[in-house]
1. Do any helices (runs of 4 or more DSSP H) lying entirely in region 93-180 carry at least 3 residues that are in contact (Cβ under 8 Å) with a residue 12 or more places away in the chain and closer than 19 Å to ALA73 by Cα, and which ones are they?
2. Just give me the residues in region 16-60 being touching a Lys or Arg at 6+ places or on another chain (Cβ under 6 Å) and in a loop (DSSP other than H, G, I, E, B), in sequence order.
3. Are there any pairs, at least 6 apart or on different chains, whose C-beta atoms fall under 6 Å, with the first in region 34-49 and among the basic types (Lys, Arg) and the second surrounded by 13 or more Cβ atoms within 10 Å (Cβ to Cβ), and if so, which?
4. Please state which of the following conditions ALA139 fails to meet, knowing it meets all the rest: (1) open to solvent by 10 Å² or more (accessible area, probe 1.4 Å); (2) modelled with pLDDT under 95.
5. Exactly one condition in (1) modelled with pLDDT under 95; (2) open to solvent by 20 Å² or more (accessible area, probe 1.4 Å) is not met by ALA195; state its number.
6. State whether the residues of region 10-21 include one that is more than 28 Å from VAL125 (Cβ to Cβ) and among the polar types (S, T, N, Q).
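The values are calculated or read from the model by the stated rules, or taken from the named source; none is laboratory data. Keep in mind that this is a model prediction, so the values were computed, not measured. Please note: Cβ atoms are built from the backbone with ideal geometry, for glycine as well, and neighbour counts cover all protein chains shown. For the accessible areas, the whole protein counts, side chains as well, though only heavy atoms, and no ligand, DNA or RNA atoms are used. Shrake-Rupley method; radii C 1.70, N 1.55, O 1.52, S 1.80 Å.
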Amino acid sequence: LPDTGVNRVLITALARATPAIQVELLRALTARGTREATTDVAACLNHPNVEVRRAAVDALAELGTEAQVPHLAQGLRTAAPPTHNRIERALKAILARTGPKSLDALLKELQEAPPESRAVLLRVVSGVPETRSLTAVRAALRDRTPTVREAAMRVLAEWPKADAAPDLLRLARTADNPTWRTLALRGYVRLSRQAAVPAAEKVQRLAEAMALAGNVDAKRLVISGLAETNDPAALKLIEPCLTDKNLVEEASLAVVQVAARLNAQSKDDQTRALRQVLKQSGNRDIQTQARELLERLGVKAD
């Protein structure tokens with residue numbers, strides 16, 4: 001029914017309907033995109049019926065603005081744990097629409113909320129990766145509650161912007177918790193791979209990660225990052241992995257991928273690394289590619 005008067009009828013009915021009908025009204029308002037209903041929908045967050053509360057949260061995920069962020073954030077305090085995920089999704093949806101306009105309310109609630117709420121809100125604030133958000137996450141790493149500290153670490157490890165890279169590198173070096181060190185290293189490598197910096201700087205960042213890579217999985221992660229670069233220094237970082245039986249094929253492929261992007265100015269570095277690939281790799285396709293690259297350089301494969 002396209003008439004805008006229908007929205008007012010539905011909103012008016014929402015206040016006096018039975019819970020079952022309220023749920024249907026909330027769904028109808030959502031389907032109609034009735035943004036003028038947000039205040040009335042937010043009032044349903046305090047309804048004694050759990051199904052009405054859940055329907056209100058879902059409605060705000062679609063209709064809500066920054067004005068409803070405090071209501072949802074405070075709703076975490078009294079909501080049962082199963083509802084936390086629902087509220088988290090709604091808050092993330094609102095942040096995706098409103099961005100920084102919603103951040104003040106979130107950061108204020110983050111300071112005042114109980115621990116179980118802070119863990120949820122930390123996951124939400126990363127949707128607006130500003131300096132203020134990152135500062136809040138850094139502070140949460142020192143929270144008295146372990147679950148909050150753990151949530152902050154995981155948020156930091158997935159931070160989408162490069163300003164978290166120094167924090168992650170520091171934690172990869174110094175964190176007492178081995179899980180934290182692993183998460184930090186993965187996050188640091190991810191940001192290093194994404195960084196819009198010269199190839200030499202990217203390789204230098206990945207060299208720092210390789211120095212901290214304490215197991216096969218971590219080294220594989222760094223190798224995959226080096227394989228995307230076009231700097232001969234990457235070959236020198238990859239070469240030691242060619243003699244590791246657990247890494248030889250990943251390293252061999254990475255050498256071939258890097259060498260394919262280089263020119264003859266780094267002929268000596270390419271020749272050395274490609275000959276090592278022929279010596280160590282058992283993969284025929286990789287060996288074929290290595291021979292072809294050597295031929296391109298005017299070097300005999302044997």
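1. Numbers: elements: 103-112, 115-125, 131-140, 146-157, 165-174.
Passing ranges, in order: 103-112, 115-125, 131-140, 146-157.
2. Correct list: HIS47 only.
3. Within 6 Å, the pairs are ARG35/LEU63.
4. With respect to (1) open to solvent by 10 Å² or more (accessible area, probe 1.4 Å); (2) modelled with pLDDT under 95, ALA139 is out only on (2).
5. Of the numbered conditions (1) modelled with pLDDT under 95; (2) open to solvent by 20 Å² or more (accessible area, probe 1.4 Å), the odd one out for ALA195 is (2).
6. Narrowing region 10-21 to residues more than 28 Å from VAL125 (Cβ to Cβ): 10-21.
If we keep only those that are among the polar types (S, T, N, Q) as well, we get 12, 18.
Checked region 10-21: at least one residue is more than 28 Å from VAL125 (Cβ to Cβ) and among the polar types (S, T, N, Q).
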